[in-house]
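Below is one structure, written out as structure tokens; the observations come after it.
The values are calculated or read from the model by the stated rules, or taken from the named source; none is laboratory data. Because the structure is a prediction, the values reported are computed rather than measured. Positions of Cβ are generated from backbone atoms using ideal geometry, with glycine treated the same way; all protein chains shown enter the neighbour counts.
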Amino acid sequence: MSKDNPSVVIYGTGGHARVVHEILAIRNIPVAGFMDREENHESKMVLGRPLFGSEALLVKKPYPFDAAVIAVGNGQVRKILFELFRANNIPIMTVIHPSAVVSPSARLGNGCCICAGAVIGPGSSVGDGVIINTNASVDHDCSIGNFVHIAPGATVCGGVKIGQLSFFGAGSIIIQEKEIGEESMIGAGSLVLKNVSSRVIVYGSPATERGPWPKAKAS
């Protein structure tokens, strides 16, 4: 396994994992196999690669891969897996689709996924384990917290701050200089015109608070 072109394990076997697999293929990054929370089935294959089994594999060294990509949509689960891989000294790779546009002055954390057509503007900061999904736009000078998910086609205008573990739904828009707290959910197609508190669900046009957003179960 080359340090210049490390082999990667993808954690996850769902739709987002297929997206990540395609980005890695386009980037000519070899995929050693997949992991998920199923028990190890040596004969099972995913997209032509072996399914190694669950995170229980991490007690067995040496690993059959050099780095990991966490391809799970649930932010709470991404956080748990991120901490697990880091505790085992496994590098967590950020993947960027070649059609994405990331400003040279933007800062990306570890373990991010920047999907096809996504844009991250000048001066923006993106934390660890963030998903900027297909055709989503994060404009200049934004701050995106750890394990946030910006869903497909969403627009985050300049100077916006989004707290960790929040979810910003598909096609939603938030105007400039507003803030979203931690662990909040913005429903699809919303127009956010004012600040949003932590741990609430908000949706509509204009978006209004609809109640508390329970923490997603890490399962």
Hey, can you tell me all the residues within segment 126-177 that are of a type in the set (Val, Ile, Thr) and in a strand (DSSP E or B)?
-> Val126, Ile131, Ile132, Val138, Ile144, Ile150, Thr155, Val156, Ile162, Ile173, Ile174
So Ser190 fits all but one of (1) among the small types (Gly, Ala, Ser); (2) buried (at least 19 other Cβ atoms within 10 Å of the Cβ); (3) under 26 Å from Ala17 (Cα atoms); what number is the exception?
-> (3)
When restricted to Phe85, Phe52, Phe34, the only residue out of contact with any Leu (no Cβ under 6 Å at 6 or more places or on another chain), more than 26 Å from Ser166 (Cβ to Cβ) and surrounded by 13 or more Cβ atoms within 10 Å (Cβ to Cβ) is Phe52
Matching residues in segment 152-170 - criterion: being farther than 15 Å from Glu183 by Cα and either among the hydrophobic types (A, V, I, L, M, F, W, C) or at pLDDT below 95 (or both) | Ala154, Val156, Cys157, Val160, Ala170
Which of the residues spanning segment 157-180 are more than 18 Å from Thr208 (Cα to Cα) and crowded, with 24+ Cβ neighbours inside 10 Å?
-> Leu165
Checking Pro6 against (1) at pLDDT below 75; (2) assigned to a loop (DSSP other than H, G, I, E, B); (3) over 21 Å from the mean Cα position of the chain (by Cα), which single condition isn't satisfied?
-> (3)
Residue list for segment 110-127, restricted to those being surrounded by fewer than 19 Cβ atoms within 10 Å (Cβ to Cβ) and either acidic (Asp, Glu) or touching a strand residue (DSSP E or B) at 6+ places or on another chain (Cβ under 6 Å) (or both) = Asn110, Ser125
Segment 173-219, subset more than 17 Å from the chain's Cα centre (by Cα) and among the polar types (S, T, N, Q), residue nearest to Gly129 (Cα to Cα) = Ser198
Any idea which residue in segment 65-112 is modelled with the lowest pLDDT, counting only those that are of a type in the set (Val, Ile, Thr) and assigned to a loop (DSSP other than H, G, I, E, B)?
-> Ile90
What residue, among those in segment 35-47 that are at pLDDT 75 or above and part of a loop (DSSP other than H, G, I, E, B), is nearest to the chain's Cα centre (by Cα)?
-> Asp36
